[in-house]
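Taking it in order: structure first as structure tokens, then the write-up.
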Amino acid sequence: MYMSEYMHMQHKERKDSIMANVIISPSKYVQGAGELANVAEYAVKLGKKPFILISEGGRKRVGGTIEDSFKDTGCELVFEIFNGECSRKEIDRLVAIVKEKGCDLVLGVGGGKIFDTAKAVAYYTENPVIICPTIAATDAPCSALTVVYTDDGVFEEYLWLPANPNLVLVDTDIIAKAPARLLVSGMGDALATYFEAKACQISNATSCAGGKVTVAAMTLAKACYDTLIEEGVKAKLAVEQNVCTPAVEKIIEANTLLSGIGFESGGLAGAHAIHNGLTCIKECHHLYHGEKVAFGTLTQLVLENADEDLLDEVISFCMEVGLPTTFADLGIENPDKDALMEAATLAAAPTDTLGNEPVEITPEKVYAAMVGADALGRYYKGLE
């Protein structure tokens with residue numbers, strides 16, 4: 001049995017048997033301007049030969065900062081360029097390198113798929129892991145979860161890990177200089193957190209943490225949503241000018257920490273399942289994770305028959321910051337019913353999280369909610 005399948009079974013057994021309230025989080029979270037320059041200060045307490053997983057572009061942008069941080073520490077750095085997809089093949093490739101080189105610490109530097117891959121590699125090699133985001137495009141940094149895709153980018157499975165990262169180190173200066181679309185994508189991912197946690201709470205579902213939803217997790221999830229509504233537009237405008245304002249700092253924390261703990265200890269439901277379904281539609285492959293999740297959130301709210309005021313607030317927010325609200329926004333210019341039904345069927349699979357919704361789920365109902373979400377988006381854009 002492949003280890004990820006074993007971990008999935010272990011998580012399922014834990015979900016079925018434990019009724020306690022559970023909240024989990026990274027051992028330490030550090031956020032501030034210029035913090036990447038201090039990474040060695042934390043790393044030397046965890047290992048002496050770090051394996052640093054990073055993209056080619058990231059190596060050029062921040063590799064020097066990391067190397068300078070480790071000067072005079074006696075640590076031997078092993079940089080490896082990420083192949084671009086968090087797949088079983090890539091995880092296995094990197095595990096082999098870590099073992100061959102004798103590395104005793106894993107650093108994931110970059111975005112969500114690098115984090116997820118680094119966490120899996122650290123687990124399989126029994127090493128601690130540090131996550132250093134250079135973008136705030138997902139809530140992946142804080143979680144004990146790896147989302148595994150095929151080499152072609154289609155969702156394959158969730159790999160539930162036994163522990164959260166040892167450290168999440170967030171350099172806000174670097175994130176503020178990244179393209180604004182990435183920060184907005186992070187807002188799209190974070191937008192789902194409160195609504196999915198609330199769905200899990202109502203249905204008494206088990207969270208990704210392996211227990212029931214705590215008051216603390218719900219409070220963080222709600223704070224995440226409130227921060228998005230209050231600070232999102234201001235933060236987007238600031239990062240478009242490559243500056244880090246207080247609004248940007250708050251949105252980075254919402255996207256990373258509040259959403260990270262909120263989704264994991266609050267639970268996943270409709271929005272992320274819809275995202276996973278959309279991965280089978282080729283026209284959506286150019287989108288970032290959070291952009292698909294944002295449309296998944298709107299679809300979830302339609303599925304739950306949310307009240308008009310809430311729909312108005314969510315759709316208006318998405319339009320203001322530039323998140324998708326229609327099929328056309330997703331790149332689906334000519335929606336094909338068969339393709340949408342395939343996505344709806346994948347989303348409604350019993351192995352995914354749509355079953356945590358407090359409403360009856362069928363592929364037909366999911367398809368109808370997707371079409372209904374698109375219709376609402378077009379209505380608000382004045383296209384109806």
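Each value in this text was obtained by applying a stated rule to the coordinates, not by laboratory testing. Please read these numbers as outputs of a predicted model, since none were measured by experiment. Positions of Cβ are generated from backbone atoms using ideal geometry, with glycine treated the same way; all protein chains shown enter the neighbour counts.
The figures follow:
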| read-out | value |
| --- | --- |
| Kyte-Doolittle mean at least 0.5, axial Cα span of 30 Å or more - DSSP H helices of the chain | 180-203, 215-239 |
| Per-pair calculated FRET efficiency, R0 = 22 Å: Val44 and Lys101 via Cβ, rounded to 0.05 | 0.80 |
| Region 193-254: relative contact order in percent, alpha carbon pairs under 8 Å with at least 6 residues between | 28 percent |
| At 1.306 mPa s and 10 °C, Stokes diffusion of region 180-380 via Kirkwood alpha-carbon radius, µm² per second | 96 µm²/s |
| Fewest-first sequence of Glu230, Glu253, Glu126, Glu156 by Cβ atoms within 10 Å of each Cβ | Glu126, Glu230, Glu156, Glu253 |
| Length-normalised contact order of the chain in % [C-alpha pairs under 8 Å, at least 6 apart] | 17 percent |
| For the chain, calculated [θ]222 nm from helices alone, where every DSSP H run of n ≥ 4 adds -39500 (n - 2.57) | -16500 deg cm²/dmol |
